[in-house]
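Taking it in order: structure first as structure tokens, then the write-up.
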Amino acid sequence: MLALPRAALGALAAALCSVAAAPAHAFCGFYAGKADASLFNEASQVVLVRDGQRTVLSMLNDYSGPLKEFALIVPTPVTLKQGQVRVAEKVMFERLDAYSSPRLAEYHDQNPCQFRMDWSEDLYPRPPVPVAMAAAPMMADRAGTLARNKALGVTVEAKYTLEEYDIVSLSAKQSDGLEIWLRENGYRIPRGASAALKPYINQGMKFFVAKVNLKEQAKLGYSHLRPLQFAFESEKFMLPMRLGMLNASPNKPQDLIVYALTREGRVESSNYRTVKLAANENLPHFIKPHFKDFYKALFDTSAQREDYRVAFTEYFWDMSWCDPCAANPLSPEELRQAGVFWLDGQADEAFKRLQVPAPSRLPPMVLPPGGGAQPVMLTRLHVRYTPATFPDDLAFTQTKDRQNFQTRYVVHNPYAGSQAQCAAEMGKQECEALCKPKVERVLDRLKALDPATLAKPARNPRWEGNPQAYAGKSEAQLAQECAESCNASKRSTLESARRYYEEQVPARIKQESLTLAKLTGWSLADIDKLGRGEGKPPTANSSGSGKPVAATWWERLFAPRPSAATAVVTNGQTPG
């Protein structure tokens, strides 16, 4: 999805497949942060709505130069006529990004110094425990021009103005002719354009060309490029990427984020590996304010390890709910604006409406108010690539996988206390004072029970109560038993606090730090500094700078070999 200036012509197009998800087990955690698409500079974003052979494709242009220099060329499976293209709003991408962003959930440890005195708690039957219900999904001269076009093998299939865009849809018989046509019509084509255009011409594909009509844009009052949205039917499930790489440096990675909205089955690439990013990992609690730095380092490291040759799954979920929610699910109206055409159960009619020219387009169908389950599944794919690592266009397929997935990470905040504080708290617990009312309650209960009942052993003491354990004992004996139980509880509480502060928390943070090092490539020394509140997260290669890791076997062989300690940190493996 590359929108580039005329001096740097770019492209994108597509068709996709379908997606779905089954409900996953909910968990109790608090949403604590996210890492959205703004982390990645020069990240192109597309929304692909797919059902059967019908596709609605939306593209968010990342062009930032003078608008008079802007042009977009998109190879498309069919001619896009007036009515099949509309101008969308950027907020649609922002909502999908926010909803599907990698997220951080946090838990808070309970107080390890919880004194509990259980003596006499089995005097009465326990109340029944209610069964929790599963949470419901939240839910020139015309003649001369025609002659020239014919000589070049180019046909203008459609030509129109759509709000701030002037649009033509072309077909071509030869790549050289199309390149000449584009140059003659004011587009300065980069070197290699003819060779890049040829495969699409051989496939019989058409070319959608759009540029900004500055006068119309001024009338509308927009200062930025709004996304374009196409609706068409085709068997092709592919995303042409090669044109967009014409002016790209061979060693400078680019980012592409695809939001695929479908009815069933997770979407993945059919000609490149699709990999789920490491997720549901426990991280040290001090990473919370640095979560965006963490996720960027994780993605950088993951992409480099795969030599920029895979598509990463960042999210796959039922669009009617989320857990935890980085943002609310899209409403039915928002989904319709994104191009979803089957919500009302009349997919044929709704898709036709998307292909009617705006002036004669019928009013949108009335959808139920927000809320309730929506038959829409979202797959979020993130691709980092270079011209060398993605030599072919990106093709997609639908899988049978319906298991929800999200790049979710967890922090457990240690309890803010200490072993010394716990010891002081236990010193305040006076067993004699605590036991006096308990002994009185036991005696009262024994008096109220039938002696015959006390004579029978309890069948299920855990649930029915066990007053028999106290029968036949004097008040002094009961008081002594209670005091012994109280002192044992105090010792147990102190031991629990000691284990928590001296063993469990340090061991947990050590393991979480190792996980953080493995995922990001950060050194344990740098991670320790973060834990002490010193310094900032290490900087690493990003999509905007640096050279990909060695991609060939000889480069990997001759690359400087890391030390054993570094190998453990960066690869999660001991040196072989």
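Residue 453 contributes about 70 Å² of solvent-accessible surface, heavy atoms of the protein only, 1.4 Å probe. Using a probe of 1.4 Å on the protein chains alone, the accessible area found for residue 245 is around 20 Å².
Take 207-216, 410-419, 291-300 and order them by the average number of nearby Cβ atoms within 10 Å per residue, most first; the result is 291-300, 207-216, 410-419. Taking 27 Å as the limit for the C-alpha separation, the pairs 296/510; 68/236; 276/400; 68/292; 296/400 exceed it in the case of 68/236; 68/292; 296/400. In this rough spin-label picture, where each label sits 7 Å from Cα along the Cβ direction, the residue 109-residue 420 distance is 1.8 nm. Under a 5 Å amide H cut-off, with hydrogens placed 1.01 Å from N, residue 107 pairs with 411, 412, 413 among residues at least 5 apart or on other chains. For segment 239-344, the Cα gyration tensor yields ellipsoid semi-axes of 27, 23, 13 Å (square root of five times each eigenvalue, largest first, whole Å). Of 122, 323, the order by accessible heavy-atom surface (1.4 Å probe, DNA, RNA and ligands excluded), from most exposed downward, is 122, 323.
Tally up the carbon and sulfur contribution to the accessible surface of segment 168-272 as a whole percent, 1.4 Å probe, everything protein left in place.
Carbon with sulfur: 45 percent of the solvent-accessible area.
Per-residue surface analysis assigns residue 331 an accessible area of about 40 Å², computed on protein heavy atoms at 1.4 Å probe radius. Each peptide among 194-202, 434-442, 468-476 gets the average number of other Cβ atoms lying within 10 Å of its residues, and from highest to lowest they stand as 194-202, 434-442, 468-476. With one equal scatterer per alpha carbon and no solvent term, the Debye-computed log10 I(q)/I(0) for segment 389-472 at 0.13, 0.20, 0.26 1/Å reads -0.78, -1.03, -1.23.
The values are calculated or read from the model by the stated rules, or taken from the named source; none is laboratory data. Just so you know, these numbers come straight off a predicted model, no measurement behind them. Don't worry about glycine lacking a Cβ; one is built from the backbone with ideal geometry, like all the others, and counts go over all protein chains shown. Remember, those area values only see protein heavy atoms, side chains included, never the ligands or the DNA or RNA. Shrake-Rupley method; radii C 1.70, N 1.55, O 1.52, S 1.80 Å.
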